[in-house]
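Remarks on the structure that follows.
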Amino acid sequence: MTTFNNMDLNLLRVFQAVLDERSLTLAGQRLHLTQPAVSAALNRLRQLFGDPLFIRTRDGMQPTPVAGELAKPIARALMAVQDALRYAAGFDPAASTRVFRVSMTDVAEMVFLPPICDRLRERAPHVQLQVEPTPQEDIADALRTGKLDFAIGNLPLLKDSTRHALLFSESYCCLTRKRAGLPRRKALTSEEFLALSHVHVRQREGGHSAVAQALKERGLVRRIGLEIRHFSLLPMILAQSDLAAIVPLRVARLFSAGGPFQQFDLPVALPAVAVTLHWHEDFDNDHGGRWLRQLVLDLLQDYGRNS
C-alpha cells in the first residue's frame, strides 16, 4: 500500500508533464527521461489511483475524469514544493533564471512591458517574463494556484479575492488623424464627438469597456464604424482613415510619438480608471515574487506620477 512516507514524488512530476504536454515523448523531454521511463511511471500512477488517468487518442494523451479531479491538488502540491525550494535558496536577481508569469491586456503590454523589460534587463538579466492573457474571472484562481505570479490592469472584480496595490489612475481621451476641418479646441463638444465615426475595441476586461459604458450612460452613444479586438491595430487604422477612438492617455502619447494624430478631451468628465497590481496572499513571502512586485510598483508608480 502506497502512503505519503513511501510515495515517490517524482510520479507527480510525470503526471503534471503528461497533463501539460499530452504526449509521453514530450513529457520525457521536459523531464529529461526516456519514453519507457515515463511509461513506467505512468503505469505506477495508474496502479496507485486505480484509473487509466490518460487515454491515447488521435489528439494525444487525453485525461480521464479522475485525472481531471487530480489535476488541481497535484498542481498545488508541486507548487508548494517549488515554493519551499525557492524559500530555501533565496532570490538573487542577478543570477536567477526564474520564469515569472503575468496577465495583462494588450494595452498594458504596449505601454508597460517595454519599461518593465528594460528594468529587468538591468537588474535581473536572466529572468524570463511570460505574458499569459487571462479572462478576469479566471485570474484569481490562476494567482492562487501559481499559474500566474501577478496581474496588471483595471481589475475591480479581483479586489476582494487578492492582494492588490494601486499603480496609478488612468484617464481617457479621443484620438484621430490630424486633418483639415478638425476643431482647434482641446476638448470636443458632444455634437463634435458624436459626429465622428469611431473604432470600438471589443474587450470585456479593462477600463476601456468601463469608459465606453460610462459614456453611454451619459447619453453619448457613439457611431461605430469599425470593431476590432486588439489595441495594437489602432495606429495603422487611425493613420489611414478618418475614424476616431477612445484610448488611455498613455496610449495616445505612445501613438502620437510615431504618427500624425490629434488628441481631444472627451466632452464629459469621467472618473479616472484605477490600474492595479494583483497577487495572491499565499505568495506574500515568496522572495522572487516580492522582489518583482516591488520592481513593478516602483517603476509604474513613478511612471504614473511623471506622465
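The values are calculated or read from the model by the stated rules, or taken from the named source; none is laboratory data. A quick note: this is a predicted structure, and the numbers were derived from the prediction, not measured. Backbone-built Cβ (ideal geometry, glycine too); neighbour counts: all protein chains shown. Please note that ligands, DNA and RNA were not included when accessible areas were found on the heavy atoms of the full protein model with its side chains. Shrake-Rupley method; radii C 1.70, N 1.55, O 1.52, S 1.80 Å.
A few points about this structure:
- Scan the stretch 9-27 for residues that are surrounded by 15 or more Cβ atoms within 10 Å (Cβ to Cβ), under 29 Å from the mean Cα position of the chain (by Cα) and part of a helix (DSSP H, G or I) and the total you get is 11.
- Criterion violated by residue 206 - all others in (1) at pLDDT below 85; (2) open to solvent by 20 Å² or more (accessible area, probe 1.4 Å) satisfied: (2)
- In the stretch 250-282, the residues that are outside any strand (DSSP E or B) and closer than 24 Å to residue 121 by Cβ: 250, 251, 253, 254, 257, 258
- Every test in (1) open to solvent by 50 Å² or more (accessible area, probe 1.4 Å); (2) hydrophobic (A, V, I, L, M, F, W, C); (3) touching an Asp or Glu at 6+ places or on another chain (Cβ under 9 Å) is passed by residue 155 save one, and that test is (1).
- Counted residues, the stretch 125-151 - those being under 10 Å from the mean Cα position of the chain (by Cα), open to solvent by less than 40 Å² (accessible area, probe 1.4 Å) and under 13 Å from residue 100 (Cα atoms): 4
- Residue check, residue 116 at pLDDT 90 or above, within 15 Å of the chain's Cα centre (by Cα), outside any helix (DSSP H, G or I) and under 30 Å from residue 257 (Cβ atoms): no
- Subset of the stretch 254-267 [at pLDDT 90 or above and open to solvent by 10 Å² or more (accessible area, probe 1.4 Å)]: 261, 262, 263, 265, 266, 267
- Output for the stretch 92-111, where each listed residue is closer than 20 Å to residue 143 by Cα and either crowded, with 16+ Cβ neighbours inside 10 Å or of a type in the set (Lys, Arg) (or both): 98, 100, 101, 102, 103, 104, 105, 106, 108, 109
- Residue 238 being open to solvent by less than 10 Å² (accessible area, probe 1.4 Å) and more than 20 Å from the chain's Cα centre (by Cα): yes
- Here residue 201 fits the description: touching a Lys or Arg at 6+ places or on another chain (Cβ under 8 Å), aliphatic (A, V, I, L, M) and without any contact (Cβ under 8 Å) to a residue 60 or more places away in the chain.
- Looking at the stretch 31-103, the strands (runs of 3 or more DSSP E) lying wholly inside it that each contain 1 or more residues that are under 27 Å from the mean Cα position of the chain (by Cα) sit at 60-63, 99-103.
- Just one of the listed residues (181, 219, 225) is modelled with pLDDT of 95 or more and either of a type in the set (Lys, Arg) or not in a helix (DSSP H, G or I) (or both), namely 225.
- Of note, residue 294 satisfies the criterion of being among the polar types (S, T, N, Q) and either in a helix (DSSP H, G or I) or open to solvent by less than 30 Å² (accessible area, probe 1.4 Å) (or both).
- Filter result (touching a residue at least 60 places away in the same chain (Cβ under 8 Å) and in contact with a Phe, Trp or Tyr (Cβ under 8 Å, 6 or more places away or on another chain)) within the stretch 128-150: 143, 146, 149, 150
- Just one residue in the set 221, 211, 268 is touching a Lys or Arg at 6+ places or on another chain (Cβ under 6 Å) and at negative phi; that residue is 268.
- Restricting attention to the stretch 28-71, the residues that are without any contact (Cβ under 8 Å) to a residue 40 or more places away in the chain, open to solvent by less than 70 Å² (accessible area, probe 1.4 Å) and polar (S, T, N, Q) total 3.
- Selection within the stretch 167-188 - loosely packed, with under 13 Cβ neighbours inside 10 Å and among the aliphatic types (A, V, I, L, M): 180
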